[in-house]
Amino acid sequence: MVAAPADSNIVGAMMRSDPGHPIAVFSGNTRVDLAMFGEQDTGPYAILEQNLPIQLWGTEYVGLNAPALLDDLQGSWQIVASQPNTVVDVEYSGTIDFLGMPGTPFMMNDGDVVSFTSTNGGDNGGDFVIVANKPVGVMNYVRGRHHEMEDDISVGAAMISVAPSDRLRNNYIIFWPEGERGWLGVGRPIQMPVSFNGQNIVPQSVTALWMASDWEAATWEFDPGVTRISADEDFAAKVVLTLDGYVSWSSEWGIGYLPGLRTD
């Protein structure tokens, strides 16, 4: 294992290995402050995620915010380019406040990184579509908040790799460890049944999604265990876990992950 020095910033750096020796790359930090995305935060938090290799990057992404553990905590995003003259744009319906994003469309070169936050504009929950003329990588962050004496609420942050739209699946395996509270966020065609171990369960919340009027975001909360989720069509999925639930002052960390993607 090779790790970057604690005081280094290698965001946007390219890592390669020879074809006969594939490698896995993880990003994260034991103390990260998400205030760098445009809003004041009360970090730091511990985050960790496995990076998707460039071969699995794409030119279109579903900008589905991970399930928010508190209503006022919006998602943050990073887009990274690996080729020169990469043009990136976002598409959405209604109103979204993008904090930190340059005017769209914008140009990126190899190694460039754009970090921003998408917030609820009143008629859109902050969801959108990312389109580019060349493959890009996308990461989603769940905003956290430390224990506050006024409301006794603490939420851990999370870092989640995003799969391009042409690599979404119609089935995933979801893991919930014992002692944690888990949330599943899904982007799906409106009212498309999603089965959990063969049973259709009604989501706890449903909102309109992106620029497409025939898609929606749905959220479920589940008990610990292993669950297979499946549907007739491909859909986006994200998992967020927090220790003890989000009303515990000790819960100042969280875990989020991409439950799967198509690799063929």
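The values are calculated or read from the model by the stated rules, or taken from the named source; none is laboratory data. Worth saying up front: this structure is predicted, and the values here are computed from it rather than measured. Every residue, glycine among them, receives a Cβ derived from its backbone with ideal geometry; neighbour counts consider all protein chains shown.
When you go through Ser230, Ser165 one by one, which is the residue that is under 15 Å from the mean Cα position of the chain (by Cα), at pLDDT 80 or above and surrounded by fewer than 21 Cβ atoms within 10 Å (Cβ to Cβ)?
Matching residue, one of Ser230, Ser165: Ser165.
Scanning region 170-190 for residues that are loosely packed, with under 15 Cβ neighbours inside 10 Å and either at pLDDT below 80 or of a type in the set (D, E, K, R) (or both), which turns out nearest to Gly63 (Cα to Cα)?
Pro177
Just the residues that are at pLDDT 85 or above and part of a helix (DSSP H, G or I), please, taken from region 29-81.
Ile54, Gln55, Leu56
Going by what's in this entry, would Asn124 be described as among the polar types (S, T, N, Q) and at pLDDT 85 or above?
In short, no.
Could you please find all residues in region 233-260 being over 18 Å from the mean Cα position of the chain (by Cα) and modelled with pLDDT of 90 or more?
Within region 233-260, Glu233 is the sole residue that qualifies.
Limited to region 163-190, what total is found for residues that are of a type in the set (Asp, Glu) and in a loop (DSSP other than H, G, I, E, B)?
Pass one, region 163-190, residues of a type in the set (Asp, Glu): 166, 178, 180.
Those still in the list that are in a loop (DSSP other than H, G, I, E, B) too: 178.
So the answer is 1.
Taking the residues in region 216-226 that are surrounded by fewer than 20 Cβ atoms within 10 Å (Cβ to Cβ) and not in a loop (DSSP other than H, G, I, E, B) as candidates, determine which candidate is modelled with the lowest pLDDT. Spell out the reasoning first.
Just the residues of region 216-226 that are surrounded by fewer than 20 Cβ atoms within 10 Å (Cβ to Cβ), to begin with: 219, 221-226.
Cutting the leftovers down to not in a loop (DSSP other than H, G, I, E, B) gives us 219, 221-222, 225-226.
Working: Thr219: 83, Glu221: 80, Phe222: 75, Gly225: 84, Val226: 88.
It comes out as Phe222.
Test of understanding: among Pro84, Pro102, which residue is at pLDDT 95 or above and either of a type in the set (S, T, N, Q) or assigned to a loop (DSSP other than H, G, I, E, B) (or both)?
Among Pro84, Pro102, only Pro84 is at pLDDT 95 or above and either of a type in the set (S, T, N, Q) or assigned to a loop (DSSP other than H, G, I, E, B) (or both).
Going by the structure shown, is Val114 closer than 24 Å to Met14 by Cα, at pLDDT 80 or above and assigned to a strand (DSSP E or B)?
Working: closer than 24 Å to Met14 by Cα: yes; at pLDDT 80 or above: yes; assigned to a strand (DSSP E or B): yes.
So Val114 fits the description; yes.
What are the pairs, 6+ residues apart or on separate chains, where a residue within region 73-92 that is charged (D, E, K, R) has its Cβ under 6 Å from a residue that is surrounded by fewer than 21 Cβ atoms within 10 Å (Cβ to Cβ) and not in a strand (DSSP E or B)?
Once the first residue is charged (D, E, K, R) and sits in region 73-92, its partners that are surrounded by fewer than 21 Cβ atoms within 10 Å (Cβ to Cβ) and not in a strand (DSSP E or B) give Asp89/Thr104; Asp89/Pro105; Glu91/Met211.
Filter region 191-215 down to residues that are part of a strand (DSSP E or B) and under 18 Å from Tyr172 (Cβ atoms) and give me whichever is modelled with the lowest pLDDT.
Trp215
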